[in-house]
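Chemist: Before I ask anything, here is the structure I am working with.
The values are calculated or read from the model by the stated rules, or taken from the named source; none is laboratory data. It should be emphasised that the depicted structure is a prediction, and the values quoted were computed from it without experimental measurement. For neighbour counting, all protein chains shown are included, and Cβ atoms are generated from backbone atoms with ideal geometry for every residue, glycine included. SASA here: full protein model, heavy atoms, side chains in, ligands and nucleic acids out. Shrake-Rupley method; radii C 1.70, N 1.55, O 1.52, S 1.80 Å.
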Amino acid sequence: MSATNTTTLLNEDIKYVWHPYRSSHSDGPIFAVKSANGVYLTLEDGRQLIDGMSSWWCAIHGYNVPALNDAIKRQLNNMAHVMFGGLTHSPAVELCKKLIELTPVKLDTVFLSDSGSVAVEVAMKMAVQYWQAMQQPNKQKFISLRNGYHGDTFGAMSVCDPVTGMHTLFSDILAKNHFIASPSCAFGQPCTIEDIGALSTLLESQHESIAALILEPIVQGAGGMKFYSADYLKQAKTLCERYNVFLIADEIATGFARTGKMFACEHANISPDIMCVGKSLTGGYMSLAATLCSKEISDTISNNPPHVFMHGPTFMGNPLACSVALENIRLLEASPWQQNINNIESLLTTGLDVCKSLDGVKDVRVLGAIGVVELKQPVNMATIQQAFVDLGVWIRPFGNLVYLMPPYIIQENELNILCDAIYQILKNKKQQ
Ligand SMILES: *Cc1c(COP(=O)(O)O)cnc(C)c1O
């Protein structure tokens with residue numbers, strides 16, 4: 001695209017298009033991408049950026065992956081879509097079977113949807129419908145952790161961190177749920193009585209009105225990039241069992257090896273009652289998510305009036321999305337993913353370590369293929385975004401967090417460039 005055409009594109013973008021969490025007016029630079037390949041994004045002006053974000057943690061195998069392209073093309077020649085009411089097809093069946101094999105033991109039934117937020121809505125509805133079927137209609141509330149993020153729709157928002165989720169804006173319409181402090185025990189550390197105490201006290205007094213505890217296992221993503229103790233997760237599961245409350249594991253960010261285990265629940269060796277997956281499910285190719293639940297939940301809902309689960313997205317089980325998801329998982333399983341993630345983890349650890357010496361840095365932490373530099377102050381998005389692009393990298397901070405979640409195929413030199421870019425920019429106050 002010529003320079004004038006690119007300028008026109010960007011001007012029309014400002015005029016007509018609303019981007020996520022952004023003013024409808026221009027509020028900082030925006031970049032037009034022409035194509036993407038491997039770990040590189042190519043901008044319309046020809047510049048190449050190394051991608052440190054995996055497009056919001058989805059593109060685990062990078063971009064323009066031949067096997068994923070082929071899976072979609074093959075499926076496209078058969079059918080792009082058919083309704084899922086009363087019809088089924090091999091991509092959906094194969095994918096659901098694969099997800100059940102791969103996920104913790106108790107999860108036996110899969111409900112497909114189009115996005116992570118909807119998968120969370122579905123999980124919450126499953127829990128509520130189960131307790132209704134069990135003649136316990138009072139169990140309708142949820143417990144979640146502060147700093148949690150579960151999506152942008154109303155149900156999901158009602159269990160997001162009330163401050164970052166701006167609950168005051170929507171207070172009259174959001175369901176009132178319970179929030180407990182996010183665990184302060186670090187990953188790798190045991191969990192103290194004080195940490196689990198809040199959950200234990202709340203469950204003891206309120207369990208009769210609580211349907212489920214929903215949390216992001218081990219890593220709280222968009223709500224603060226915090227890593228916490230597997231022991232906390234294990235104890236939380238035990239408490240849920242004791243008080244007859246479901247555990248919903250939102251693995252939308254953590255699923256598919258990001259934390260060094262195929263699913264983050266495996267760090268604690270627990271099997272949740274309900275689990276949500278999304279984001280990297282299709283390797284970043286299409287929007288698809290899934291909610292898995294135990295046979296007990298799906299049977300109880302189905303054996304009691306109204307005998308159906310009350311949800312059904314129009315594009316449920318889209319064959320293109322299912323076939324690319326299936327191929328994405330096959331590719332992951334066939335790759336030395338454990339070794340790749342371990343390598344990324346040690347390179348991030350060494351690469352980001354220098355940031356600890358910088359004035360404005362509060363904490364540096366790494367887990368699996370996630371590297372986080374937490375600052376004392378929020379960054380200036382417009383300045384820092386431009387500065388990263390000028391250094392040839394795509395890194396998109398939020399608030400006071402500058403982080404990397406690269407594709408698993410990233411090479412050592414590319415990862416070093418990403419880490420070095422963070423150090424260079426955080427060193428230079430003017431660019432933050
Ligand atoms: C991204 C995310 C969601 C929401 O997924 P969308 O596809 O954006 O709706 C929910 N939970 C977690 C943990 C996430 O990271």
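Chemist: Around I344, under 11 Å between beta carbons, what's the net of Lys plus Arg minus Asp minus Glu among the other residues? Show your work: numbers first, answer last.
Modeler: On the way: positive: R258; negative: E345, E412, E414.
Once positives and negatives cancel, what remains is -2.
Chemist: Moving on. Please compute the modelled spin-label separation between L9 and L76, points set 7 Å along Cα→Cβ, answer in nm with one decimal.
Modeler: My value for the distance between the label points is 1.9 nm.
Chemist: For the chain, give the percent of accessible area contributed by carbon and sulfur heavy atoms, probe 1.4 Å, rounded to a whole number. Could the numbers behind the result be given before it?
Modeler: Numbers: 10380 of 18990 Å².
The C+S portion of the solvent-accessible surface of the chain is 55 percent.
Chemist: From the phi angles alone, apply the Karplus equation (6.51, -1.76, 1.60; θ = phi - 60°) to region 152-157 and give each ³J(HN,Hα) in whole Hz, x where the residue is Gly or Pro.
Modeler: Per residue, the Karplus-derived 3J(HN,Hα) values read 10, 7, 4, x, 4, 4 Hz.
Chemist: Count the net charge of all other residues whose Cβ sits under 15 Å from the Cβ of G317, scoring Lys and Arg as +1 and Asp and Glu as -1. Could you put the intermediate results ahead of the total?
Modeler: On the way: positive: K97, K98; negative: E94, D114.
Spelling it out: positives minus negatives among the neighbours equals 0.
Chemist: Given 0.36 nm per residue, what is the gain on full extension from N380 to N37 after removing their alpha carbon distance, in nm? Before the final figure, lay out the partial values.
Modeler: On the way: separation 343, 0.36 × 343 = 123.48 nm, distance 2.90 nm.
The span from N380 to N37 would gain 120.6 nm if fully extended.
Chemist: If you don't mind, there's one more thing I want to ask. At 0.36 nm per residue, and after removing the present C-alpha to C-alpha distance, how many nm does the segment from I173 to S90 gain when stretched out fully? Intermediate values should be presented prior to the final figure.
Modeler: Working: separation 83, 0.36 × 83 = 29.88 nm, distance 4.04 nm.
Separation in residues times 0.36 nm, less the Cα-Cα distance, equals 25.8 nm.
Chemist: Please figure out what share of the DSSP beta bridges in region 69-334 is antiparallel and state it in percent, rounded to the nearest 5. Could the numbers behind the result be given before it?
Modeler: Working: 13 of 27 bridges.
For region 69-334, the DSSP antiparallel bridge percentage is about 50.
Chemist: All other residues with a Cβ under 15 Å from the Cβ of G392 taken together, and with Lys, Arg as +1 and Asp, Glu as -1, what is their net charge? Show your work: numbers first, answer last.
Modeler: Working: positive: R47, R396; negative: D45, D51, D390, E414, D420.
Net local charge, G392 excluded: -3.
Chemist: Taking the Cα centre as origin and putting +1 on Lys and Arg beta-carbons and -1 on Asp and Glu beta-carbons, what dipole magnitude results for the chain, to the nearest 20 debye? Can you show the working numbers first?
Modeler: Values: 31 positive and 39 negative charges, 42 e Å.
The calculation lands at about 200 debye.
Chemist: Using +1 at the C-beta of Lys and Arg and -1 at the C-beta of Asp and Glu, which of Y130, L99, I297 has the Cα lying farthest in the positive direction of the dipole of the chain?
Modeler: Result: Y130.
Chemist: Can you run phi through the Karplus equation (6.51, -1.76, 1.60; θ = phi - 60°) for region 326-336 and list ³J(HN,Hα) in whole Hz, with x for Gly and Pro?
Modeler: Calculated HN-Hα couplings, in order: 4, 5, 4, 5, 4, 4, 5, 4, 7, 8, x Hz.
Chemist: Calculated from DSSP H runs of 4 or more alone, at -39500 (n - 2.57) each and per residue, what is the 222 nm mean residue ellipticity of the chain, nearest 500? Before the final figure, lay out each step's value.
Modeler: Values: 13 runs with 161 residues, N = 432.
Taken over the chain, the calculation gives -11500 deg cm²/dmol.
Chemist: Moving to a separate point now. Dipole of the chain (Lys/Arg Cβ +1, Asp/Glu Cβ -1, origin at the Cα centre): which of A156, L375, A264 lies farthest to the positive side?
Modeler: Comparing the listed Cα positions along the dipole, L375 ranks first.
Chemist: Still on this structure: Under a 1.4 Å probe, what is the accessible area of the chain per residue, stated in Å²? The partial results should precede the final answer.
Modeler: On the way: 18990 Å² over 432 residues.
On a per-residue basis, the chain sits at 44 Å².
Chemist: Additional query: Would you kindly derive the ³J(HN,Hα) couplings of region 6-20 from the backbone phi angles with the Karplus curve 6.51 cos²θ - 1.76 cosθ + 1.60 (θ = phi - 60°), listing them in order in whole Hz, with x for Gly and Pro?
Modeler: For region 6-20, the Karplus curve yields 5, 4, 4, 4, 5, 5, 5, 4, 4, 6, 10, 10, 9, 9, x Hz.
Chemist: Using a basic spin-label model with each label point 7 Å from the Cα along Cα→Cβ, how many nm lie between Q411 and K356?
Modeler: 3.0 nm
Chemist: A further question on this structure: Hey, can you grab everything whose amide H is under 5 Å from the amide H of S294? Only 5+ residues off in sequence or another chain; H modelled, so Pro and N-termini drop out.
Modeler: Those qualifying (amide H under 5 Å, at least 5 residues apart or on another chain) are D108.
Chemist: I'd like the orientation of helix 66-78 relative to the chain: the angle between its Cα long axis and the longest Cα principal axis, in ° from 0 to 90, rounded to 10.
Modeler: Compared with the principal axis, the helix lies near 60 degrees.
Chemist: Let me know the longest stretch in the chain that avoids all trypsin sites (Lys or Arg not before Pro) found in a DSSP loop with at most 11 other C-beta atoms within 10 Å.
Modeler: Details: sites that count: K176, K376.
It runs 177-375.
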